[in-house]
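To keep things clear, I will list the structure first and then write my remarks on it.
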Amino acid sequence: MNFPTTQDGLYINGQWSSGDQHLRVINPVTEALLTTVNGGEERAVDQALNAATQALVQWSNTTGAERGALLRRIAAGVRAARERLMHLQSSNNGKPLFEAAIDVDDVVATFEYYAELAEGLDARQDSPLALPSDDFRARLRREPCGVVGLIVPWNFPMVTTAWKLAPALAAGCCVVLKPSEVTPLPELELASIIAECGLPHGVFNLICGTGLAVGAPLATDPRVAKISFTGSNAVGVQVMQRAAETVKGVSLELGGKSSLLVLADADLELAVELACGGGFFNAGQMCSATSRVLVADELADEFLQRLKTRAEAIRVADPFDPDVEMGALVNQAQYQRVLGHIDRGLSAGATLVCGGQRPAHLPRGYFLQPTVFTDVPVDSELWCEEIFGPVLCVRRFTSLEQAIALANDSRFGLVASVVNRDTEVAEQVANALQAGLVWINAPQVIFPQAAWGGYKQSSMGRELGPWGLAAFQEIKHVVRAV
Ligand code: NAD
C-alpha cells in the first residue's frame, strides 16, 4: 500500500487541513516511517468545539430516523472500503489481515445496530409516565447530552471509535474524535468515508494529535458535555480529574487482568485453543486478554504440555502473510514494555514454559514469541499488572472456591472465560466472577447488542447495547398540571 509522505490530520467543520504537530506513523513490521500526519493542538480543539457547538443546534433536533439513515450510510461506506480499511489496520497496527477483517466487520455491525436504535427512538420519545396523581401529566424525553469528546487507543483502531461514535451520533450528539497518535490511519480513512455520507458540517470532527496537545484540552473545555475515553488507567484518571472541573459526564474503558478458568471437567483441546485466543489474539494487546490461566490441578500437567506445544507452533509472521497466526506488537515502546515485564517476571521467580524472545526468523519488526509462564507468584507484577503483550501466566487450583478467589483477586474486573463440559457448574462459576462479561466454552465473541465494560477499575459505565446509547443521552421529564 502506498502512503503519501504527509497527510492532513484535521477534519473540522467539513474541511480537511493540516496542523503543526507532525506525528510520525511507523510500520511495526519494517520499523520504517509509513507517513507523517499533521495533527493539531489546542487551537484545533477550539475550532472543532466551535463547529460542533454550532452544529448541535440543528443536529440535536433531527429525528432518530434521519440520524439512523446517516448511520446506515456510514455502515455501507465502511463495508465498501473493507479491503482498504483492513490493509490500513494491519499496516499501522501490525495485526494479521484476518484480524483486521474482524475489526472492520465489527465496525459495520456497530453502525448498523445503532442505526436501528436511532430509528427506534422516535416512537419512544415523549412517552407518558404513570404518576400517582391525576392532577399532573408527565412525559419522558431522551435528549442528546451535547458536544462530546471521544478519545481512543491504538489496539483496536476504528473498533473502539465505532463503539463510541455510532451511539453518540445516534443520540444526536456532535463529536470531536481524537484517535491514538500511534494509529491514526484507520480513523483518517473512516473520517474520509463519513465525510462522503452527508452529515451536516461540524457534527463529526477529527483531530489527530498527542494526548497532551489534544486529549487534555478536550477533557478540560467547558463546551464538552461528556468525555468517553478508552485507554490506560493512568490516563483515564487524569481525564476524570480534568473533567471534574466542569462536572462533565465521563465514561471510561480501561485496563484488565482477566482470567480463563479451566475447570476439572474441561475439554482440554478447547481449553488450549481458548487460552491461545485469549492470550495471543492481537498479539495479546487486548484489554480483555485472559492473561491469567487457572487450571484444575488434575489437568494442569497435560494442559501445560499441550499449551506449550500449541504456543510454539503459532506462526508469528508479517500481518500480510497468508499463513500468519500472530502479527507484530504496535511499536518500539510497547515492545520494550512487554520485554521488561518478561525480564522482571523471571527475576520474580516465575518459570518460563516457552517463548519470551524475538522469533529467530524475524530479525526486524516488533515481533515476539507467544510466551507462557507458570509458577507465577501472586504478588508479582507479572500476575497483577496488565502486560498488553502475548504473555500468559498459568497457575493451578485445587478447588472452585480457590479458582474464583484467585480470579477475583485483582483491582480489575473486565472479562473472564470458563471452560467446562458441565455447563451448570460453569454457569455458577460465571455468576461468582467479578467481571462485566463472562464467556463459557466460547471464544471472545462480542456482539454490539450486548454490553461492554467491567467491574472495579476496568470501567466506568458500559458501552454497546442500549447502555452505550444511554451513555450519550440526558433524561428529561416534563410535568404539567392539568
Ligand atoms: P493511553 O492511555 O496511553 O492512550 C489512550 C488515548 O488517550 C490516546 O489517544 C492518547 O493520546 C490519549 N491521551 C494520552 N494522555 C492523555 C491525557 N493526558 N489526556 C487526554 N488524553 C490523553 O492508552 P494506550 O496505550 O493507547 O492503550 C492501551 C490501554 O488501553 C491499555 O491499558 C488497555 O487496557 C486500554 N484499553 C481498554 C479497552 C476497554 O475496552 N476497556 C479497550 C482497548 C484498550
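The values are calculated or read from the model by the stated rules, or taken from the named source; none is laboratory data. Just so it is clear, the model here is predicted, and its values are computed rather than measured. Quick reminder, even Gly has a Cβ in these numbers, built from the backbone with ideal geometry, and neighbours come from all protein chains shown. Just so you know, the surface numbers come from the protein's heavy atoms only, side chains and all, with ligands and any DNA or RNA stripped out. Shrake-Rupley method; radii C 1.70, N 1.55, O 1.52, S 1.80 Å.
Tabulated values for the structure
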quantity: Criterion (of a type in the set (Ser, Thr, Tyr) and either away from the ligand (no atom under 16 Å from the Cβ) or outside any loop (DSSP other than H, G, I, E, B) (or both)) met by exactly one of 180, 192; calculated: 192
quantity: Which numbered condition residue 203 fails, given (1) within 10 Å of the ligand (Cβ to nearest atom); (2) more than 21 Å from the chain's Cα centre (by Cα); (3) surrounded by 24 or more Cβ atoms within 10 Å (Cβ to Cβ); calculated: (1)
quantity: Qualifying residues in the range 361-377 (those that are touching a Leu at 6+ places or on another chain (Cβ under 7 Å) and open to solvent by 10 Å² or more (accessible area, probe 1.4 Å)) - the one farthest from residue 257 (Cα to Cα); calculated: 366
quantity: Number of the exception - residue 321 against (1) in contact with a Leu (Cβ under 7 Å, 6 or more places away or on another chain); (2) surrounded by fewer than 17 Cβ atoms within 10 Å (Cβ to Cβ); (3) not hydrophobic (A, V, I, L, M, F, W, C); calculated: (1)
quantity: Flag for residue 102 being closer than 17 Å to residue 287 by Cβ and more than 14 Å from the ligand (Cβ to nearest atom); calculated: yes
quantity: Helices (runs of 4 or more DSSP H) lying entirely in the range 31-125 (those with 1 or more residues that are under 22 Å from residue 466 (Cβ atoms), at pLDDT 95 or above and in the same structural domain as residue 164 (by TED's automatic domain parsing)); calculated: 42-59, 64-80, 97-124
quantity: Pick from the range 206-236, criterion surrounded by 21 or more Cβ atoms within 10 Å (Cβ to Cβ) and among the polar types (S, T, N, Q), ranking: farthest from the ligand (Cβ to nearest atom); calculated: 228
quantity: Selection count where residues are in contact (Cβ under 8 Å) with a residue 60 or more places away in the chain and farther than 20 Å from residue 474 by Cβ, scope the range 212-235; calculated: 8
quantity: Top-ranked residue of the range 286-310 - restricted to ones that are out of contact with any Leu (no Cβ under 8 Å at 6 or more places or on another chain) and buried (at least 22 other Cβ atoms within 10 Å of the Cβ), ranked as nearest to residue 381 (Cα to Cα); calculated: 289
quantity: Condition broken by residue 380, with the remaining ones in (1) surrounded by fewer than 17 Cβ atoms within 10 Å (Cβ to Cβ); (2) more than 16 Å from the ligand (Cβ to nearest atom); (3) farther than 16 Å from residue 262 by Cβ satisfied; calculated: (1)
quantity: Scan of the range 376-421 for residues that are part of a strand (DSSP E or B) and more than 28 Å from residue 312 (Cα to Cα), ordered by number; calculated: 412, 413
quantity: Some residue of the range 128-148 being touching a residue at least 40 places away in the same chain (Cβ under 8 Å), assigned to a helix (DSSP H, G or I) and open to solvent by 10 Å² or more (accessible area, probe 1.4 Å); calculated: no
quantity: Failed item, numbered, when residue 468 is tested on (1) touching a residue at least 24 places away in the same chain (Cβ under 8 Å); (2) closer than 26 Å to residue 348 by Cβ; calculated: (2)
quantity: Filtered residues of the range 425-472 (kept if within 13 Å of the ligand (Cβ to nearest atom) and outside any loop (DSSP other than H, G, I, E, B)); calculated: 437, 452, 455, 456, 459, 460, 463, 468
quantity: Out of 358, 337, sole residue that is open to solvent by 20 Å² or more (accessible area, probe 1.4 Å) and either under 30 Å from residue 296 (Cβ atoms) or not in a loop (DSSP other than H, G, I, E, B) (or both); calculated: 337
quantity: In the range 237-263, residue farthest from residue 287 (Cα to Cα) [restricted to those that are within 11 Å of the ligand (Cβ to nearest atom) and touching a Leu at 6+ places or on another chain (Cβ under 6 Å)]; calculated: 258
